[in-house]
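Notes to accompany the following structure.
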């Protein structure tokens, strides 16, 4: 696991599963200011649809990478990605994650 000591002080983001079928899992993620997902590995290819515009910080295990996201501008990643997603903003950040089952 690639968590950092400061991560223990962070509030966890809240994931709410909205839908699951034999082909997809749809989850709404709400990050309070400074909140994070915790270190995790994605078991499926996935698509993220930002509901909020702002930055997210991604801890890769060796470095923190910041990405600017805009409402409605989606991106995708392949299964196997490992990271911790952090909200560095001073406001709640929300996105929808669609995991694609094989």
task = Just give me the residues in the stretch 13-29 being closer than 17 Å to residue 79 by Cα and either under 13 Å from the mean Cα position of the chain (by Cα) or free of Cβ contacts under 8 Å to residues at least 24 places away in the same chain (or both), in sequence order.
result = 26, 27
ask   = Taking the condition at negative phi and out of contact with any strand residue (DSSP E or B) (no Cβ under 6 Å at 6 or more places or on another chain), does residue 9 pass?
value = yes
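Return the residues of the stretch 16-29 that are in a strand (DSSP E or B) and loosely packed, with under 13 Cβ neighbours inside 10 Å; say none if nothing qualifies.
16, 17, 18, 19, 20
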message = Show me the strands (runs of 3 or more DSSP E) found entirely inside the stretch 30-102 where at least 2 residues are closer than 25 Å to residue 8 by Cβ and touching a residue at least 60 places away in the same chain (Cβ under 8 Å).
response = 82-86, 93-100
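The numbers here are math on the coordinates, done by the rules we state, and not lab data. Computed from a prediction, not measured in an experiment: that's the story for all the values here. Ideal geometry is used to build each Cβ from the backbone, glycine not excepted, and the neighbour counts take in all protein chains shown.
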